[in-house]
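The values are calculated or read from the model by the stated rules, or taken from the named source; none is laboratory data. Predicted model, so just to flag it, every value in this text is computed and none were measured. Counting neighbours? That spans all protein chains shown, and the Cβs are built from the backbone with ideal geometry, glycine included. All accessible areas refer to the heavy atoms of the entire protein, side chains included, with ligands and DNA or RNA removed. Shrake-Rupley method; radii C 1.70, N 1.55, O 1.52, S 1.80 Å.
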Amino acid sequence: MKPESPILLFDSGVGGLSILPAVREALPGAPLIYAADFAGLPYGGKTEAEIAARVCGLLGRLSERYQPRLICIACNTASTIALSMVRDVLETPIVGTVPAIKPAAKLTRTGTFGILGTEATIRQAYVDDLEREHAGGKTMLRHAAPDLVMLAEAKLRDEHISVDAVANACTGLSLQQGGRDIDVVVLACTHFPLLRGELQEAFGKDVTLIDGAQGIARRIAALSDGQKFASGRPDRMVMTGGATLPKPLVETLKTYGLDQIDRI
Ligand code: DGL
């Protein structure tokens, strides 16, 4: 493997940026490519077949073009639906983004925790399996909060996001029977940690918010153990779609070290 071979992070939009800093911290010398399927955003309202086709097709094209050493599907929706299919067709090691149900079940003191995700994620059998395996004897309440995806996208475009809008998107979680007992909330969509401050205000300081970024970074570091890294070119974003990115988003991407934008 070439030392310049990058780690590729993939999401429907900017959500995977909530994972990128943890990966950089774990592997400071690793060349990174961040791929955003803006033309397909949002994934949460699509069917399983649509998501699987997009993710498998795009990751195939991206692999051919960039020859990554490892791919991280930095998207819960894509991972819970397409992870095993992508692993079947690509030889590259693939790290998925699994909702942090196991740590949430360990952490809850009340025995009731919530999970916020996209519509597509929360209905997956993958999530049922995690609940059965790790949350026995606990109550796990699910809520789809698709509006949070576009609020996170807007925030990174430097638009004003109100805590009320964030709270409204989540209110269905606490309104469920037993919802007032929730003391831990799993952020099961990579866009949501980008709104951590607003979400913490919306839920209040007694609720712990958890996501999988650190665990994913540790997994990537473990799979890359002993490999050589050399950063030959600047880290970049690769995007689908023809739209010109607004200037504030281009500036935000630079703060994540993504200084160049390619299109696929
Ligand atoms: N960031 C994605 C996730 O983790 C999906 C957002 C979307 O495209 O709906 O689920």
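Quick notes
- For the stretch 32-80 versus the stretch 179-216, the gap between their alpha-carbon centres in whole angstrom: 24
- Accessible carbon and sulfur surface of the chain relative to its total accessible area, %, 1.4 Å: 50
- Among the helices of the chain, those built from whole DSSP H runs whose Cα atoms reach 20 Å or more along their own axis and whose mean Kyte-Doolittle hydropathy is at least -1.0 are 48-66.
- When Asp235, Asp181, Asp128 are compared by accessible area at a 1.4 angstrom probe, the order from most to least is Asp181, Asp128, Asp235.
- A 1.4 Å probe over all protein chains sorts Tyr66, Tyr256 by accessible area into Tyr256, Tyr66, starting with the largest.
- Ranked from largest to smallest solvent-accessible area, with a 1.4 Å probe on the protein heavy atoms, His134, His143, His191, His160 come out as His160, His134, His143, His191.
- In this simple spin-label approximation, Lys228 and Lys247 carry label points 7 Å from Cα along the Cα→Cβ vector, and these lie 4.3 nm apart.
- Over 23 Å [Cα-Cα, the stretch 1-90], rounded percent: 20
- Residues whose placed amide H lies under 5 Å from that of Leu70, excluding near-sequence neighbours: Leu8
- Per residue accessible area in Å² of the chain, where ligands, DNA and RNA are left out and the probe is 1.4 Å: 44
- Converting phi to 3J(HN,Hα) with the Karplus coefficients 6.51, -1.76 and 1.60 and the offset θ = phi - 60°, the stretch 100-117 yields 6, 6, 4, x, 5, 5, 6, 7, 5, 9, 7, x, 10, 10, x, 9, 10, x Hz in sequence order, with x at every glycine or proline.
- Mean Cβ count within 10 Å, highest first, over the residues of peptides 90-96, 74-80: 74-80, 90-96
- Label sites at Lys102 and Ala167, each approximated as a point 7 angstrom past Cα along Cα to Cβ, lie 3.6 nm apart.
- When the alpha carbon gyration tensor of the stretch 1-53 is reduced to an equivalent ellipsoid, its three semi-axes come out at 26, 13, 8 angstrom, largest first.
- Based on alpha carbons, the Rg and Dmax found for the chain are 17.9, 54 Å.
- DSSP-assigned coil residues among GluC sites (Glu not before Pro) in the stretch 1-75, each with at most 16 further Cβ atoms within 10 Å: Glu4
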